[in-house]
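Here the structure comes first, spelled out in C-alpha coordinates, and everything after it is commentary.
The values are calculated or read from the model by the stated rules, or taken from the named source; none is laboratory data. Everything numeric in this text was worked out from a predicted model, so none of it was measured. We place every Cβ from the backbone using ideal geometry, glycine too, and count neighbours over all the protein chains shown. Side chains included, ligands, DNA and RNA excluded: accessible areas come from the protein's heavy atoms. Shrake-Rupley method; radii C 1.70, N 1.55, O 1.52, S 1.80 Å.
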Amino acid sequence: MSLYTEEHRLFQESIRKFAVAEILPELKSWEDNCHFPSELFQKLGSNGFLGVLIPEEWGGVGGDYTLASAWCEEFGRVPAVGLTVAVNMHSLVITPALARLGSTLAKEKWLRKAVDGTAIGAYAFTEPGAGSDLTFVQTKAVKDDGGYLL
(Lines give C-alpha, C1' and ligand atoms only; values in the text may rest on other atoms or scores of the structure.)
Protein backbone atom coordinates (compact mmCIF):
# COMPACT_ATOMS: atom_id res chain seq x y z
CA MET A 1 0.00 0.00 0.00
CA SER A 2 1.41 3.37 -1.00
CA LEU A 3 1.21 6.46 1.17
CA TYR A 4 1.06 8.52 -1.99
CA THR A 5 -2.15 9.80 -3.48
CA GLU A 6 -2.71 10.65 -7.11
CA GLU A 7 -1.73 14.23 -6.21
CA HIS A 8 1.63 13.00 -4.90
CA ARG A 9 2.23 10.95 -8.04
CA LEU A 10 1.41 13.94 -10.25
CA PHE A 11 3.80 16.05 -8.18
CA GLN A 12 6.52 13.45 -8.69
CA GLU A 13 5.85 13.40 -12.41
CA SER A 14 6.27 17.18 -12.56
CA ILE A 15 9.59 16.85 -10.70
CA ARG A 16 10.72 14.13 -13.09
CA LYS A 17 9.85 16.24 -16.15
CA PHE A 18 11.62 19.25 -14.64
CA ALA A 19 14.77 17.24 -13.91
CA VAL A 20 14.84 15.79 -17.43
CA ALA A 21 14.38 19.22 -19.04
CA GLU A 22 16.34 21.53 -16.72
CA ILE A 23 18.91 19.53 -14.77
CA LEU A 24 20.07 16.39 -16.53
CA PRO A 25 21.13 18.10 -19.78
CA GLU A 26 23.33 20.56 -17.82
CA LEU A 27 24.62 18.33 -15.05
CA LYS A 28 27.84 17.11 -16.67
CA SER A 29 28.79 20.65 -17.71
CA TRP A 30 28.12 22.00 -14.21
CA GLU A 31 30.23 19.29 -12.65
CA ASP A 32 33.05 19.47 -15.24
CA ASN A 33 33.27 23.23 -14.72
CA CYS A 34 32.86 23.11 -10.92
CA HIS A 35 29.80 25.34 -11.32
CA PHE A 36 27.14 25.50 -8.65
CA PRO A 37 23.93 26.36 -10.55
CA SER A 38 22.42 28.93 -8.19
CA GLU A 39 20.25 30.06 -11.11
CA LEU A 40 18.51 26.69 -10.87
CA PHE A 41 16.95 27.74 -7.56
CA GLN A 42 14.79 30.35 -9.32
CA LYS A 43 13.58 27.73 -11.78
CA LEU A 44 12.82 25.35 -8.92
CA GLY A 45 11.04 28.15 -7.10
CA SER A 46 8.91 29.15 -10.06
CA ASN A 47 7.72 25.53 -10.26
CA GLY A 48 6.74 25.47 -6.57
CA PHE A 49 9.45 22.99 -5.59
CA LEU A 50 11.13 25.14 -2.91
CA GLY A 51 8.05 25.76 -0.81
CA VAL A 52 6.80 22.24 -0.17
CA LEU A 53 6.64 22.68 3.62
CA ILE A 54 5.97 26.42 3.64
CA PRO A 55 2.47 27.79 4.40
CA GLU A 56 0.62 29.31 1.46
CA GLU A 57 0.51 32.69 3.21
CA TRP A 58 4.30 32.89 2.69
CA GLY A 59 4.23 31.71 -0.93
CA GLY A 60 4.63 27.99 -0.30
CA VAL A 61 2.38 25.11 -1.21
CA GLY A 62 1.47 24.25 2.39
CA GLY A 63 2.40 20.61 1.96
CA ASP A 64 3.07 18.01 4.60
CA TYR A 65 5.89 15.55 5.21
CA THR A 66 4.31 12.98 2.89
CA LEU A 67 4.55 15.51 0.06
CA ALA A 68 8.13 16.25 1.14
CA SER A 69 8.84 12.53 1.04
CA ALA A 70 7.45 12.33 -2.50
CA TRP A 71 9.72 15.25 -3.42
CA CYS A 72 12.80 13.60 -1.89
CA GLU A 73 12.10 10.26 -3.49
CA GLU A 74 11.86 11.76 -6.96
CA PHE A 75 14.44 14.55 -6.71
CA GLY A 76 16.87 12.03 -5.20
CA ARG A 77 17.02 10.33 -8.60
CA VAL A 78 19.10 13.24 -9.89
CA PRO A 79 22.64 11.79 -9.93
CA ALA A 80 24.31 14.72 -8.18
CA VAL A 81 24.42 14.34 -4.41
CA GLY A 82 25.90 17.78 -3.74
CA LEU A 83 23.19 19.49 -5.73
CA THR A 84 20.31 17.49 -4.30
CA VAL A 85 21.57 17.96 -0.74
CA ALA A 86 21.96 21.72 -1.28
CA VAL A 87 18.44 22.07 -2.65
CA ASN A 88 16.94 19.88 0.08
CA MET A 89 18.87 21.65 2.84
CA HIS A 90 17.49 24.95 1.56
CA SER A 91 13.92 23.83 0.95
CA LEU A 92 13.33 21.17 3.61
CA VAL A 93 15.52 22.34 6.51
CA ILE A 94 16.45 26.04 6.39
CA THR A 95 13.27 27.51 4.91
CA PRO A 96 10.85 25.49 7.09
CA ALA A 97 12.89 26.43 10.18
CA LEU A 98 12.55 30.08 9.22
CA ALA A 99 8.81 29.61 8.65
CA ARG A 100 8.32 27.97 12.06
CA LEU A 101 10.84 29.79 14.22
CA GLY A 102 11.75 33.04 12.49
CA SER A 103 10.59 36.45 13.62
CA THR A 104 7.95 38.17 11.55
CA LEU A 105 10.62 40.59 10.34
CA ALA A 106 12.90 37.73 9.22
CA LYS A 107 10.02 35.99 7.48
CA GLU A 108 9.01 39.18 5.69
CA LYS A 109 12.59 39.79 4.60
CA TRP A 110 13.59 36.26 3.52
CA LEU A 111 10.81 33.70 3.31
CA ARG A 112 9.19 34.61 0.00
CA LYS A 113 12.64 35.09 -1.54
CA ALA A 114 13.64 31.62 -0.32
CA VAL A 115 10.48 30.07 -1.75
CA ASP A 116 10.92 31.75 -5.15
CA GLY A 117 14.64 30.93 -5.23
CA THR A 118 16.01 34.47 -5.26
CA ALA A 119 17.65 33.87 -1.87
CA ILE A 120 19.37 30.61 -1.02
CA GLY A 121 19.46 29.42 2.58
CA ALA A 122 22.36 27.55 4.10
CA TYR A 123 23.94 26.88 7.44
CA ALA A 124 27.43 26.24 8.67
CA PHE A 125 28.45 24.36 11.75
CA THR A 126 32.00 23.20 11.66
CA GLU A 127 35.19 24.13 13.43
CA PRO A 128 38.66 22.66 13.96
CA GLY A 129 38.56 19.63 16.22
CA ALA A 130 34.80 19.23 15.94
CA GLY A 131 34.10 18.82 12.25
CA SER A 132 30.35 18.74 11.88
CA ASP A 133 29.67 16.97 15.17
CA LEU A 134 27.67 19.63 17.00
CA THR A 135 28.29 18.01 20.38
CA PHE A 136 31.96 19.06 20.13
CA VAL A 137 31.53 22.62 18.83
CA GLN A 138 33.10 25.10 21.27
CA THR A 139 32.29 28.43 19.61
CA LYS A 140 30.15 30.77 21.69
CA ALA A 141 28.49 34.10 20.96
CA VAL A 142 28.76 36.62 23.78
CA LYS A 143 26.80 39.90 23.67
CA ASP A 144 29.29 42.77 23.51
CA ASP A 145 28.82 46.49 22.79
CA GLY A 146 25.54 46.16 20.88
CA GLY A 147 26.75 43.14 18.91
CA TYR A 148 28.20 39.72 19.51
CA LEU A 149 31.75 38.54 20.01
CA LEU A 150 32.46 35.05 18.72
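Annotations for the structure displayed:
Results for (1) in contact with a strand residue (DSSP E or B) (Cβ under 6 Å, 6 or more places away or on another chain); (2) outside any loop (DSSP other than H, G, I, E, B); (3) among the acidic types (Asp, Glu), shown as yes or no for each residue.
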site: 25; (1), (2), (3): no, yes, no
site: 30; (1), (2), (3): no, yes, no
site: 62; (1), (2), (3): no, no, no
site: 73; (1), (2), (3): no, yes, yes
site: 77; (1), (2), (3): no, no, no
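- When residue 41 is tested against (1) in contact with a Gly (Cβ under 8 Å, 6 or more places away or on another chain); (2) assigned to a loop (DSSP other than H, G, I, E, B), just one condition goes unmet, and that condition is (2).
- The stretch 105-125: number of residues that are surrounded by fewer than 11 Cβ atoms within 10 Å (Cβ to Cβ) and at pLDDT below 95: 3
- Qualifying residues in the stretch 133-148 (those that are open to solvent by less than 80 Å² (accessible area, probe 1.4 Å) and either in a loop (DSSP other than H, G, I, E, B) or among the hydroxyl-bearing types (Ser, Thr, Tyr) (or both)) - the one nearest to residue 84 (Cα to Cα): 133
- Test: residue in the stretch 29-36 that is touching a Pro at 6+ places or on another chain (Cβ under 7 Å), surrounded by fewer than 17 Cβ atoms within 10 Å (Cβ to Cβ) and more than 21 Å from residue 99 (Cβ to Cβ): yes
- Test: residue in the stretch 43-66 that is farther than 29 Å from residue 2 by Cα, free of Cβ contacts under 8 Å to residues at least 24 places away in the same chain and surrounded by fewer than 16 Cβ atoms within 10 Å (Cβ to Cβ): yes
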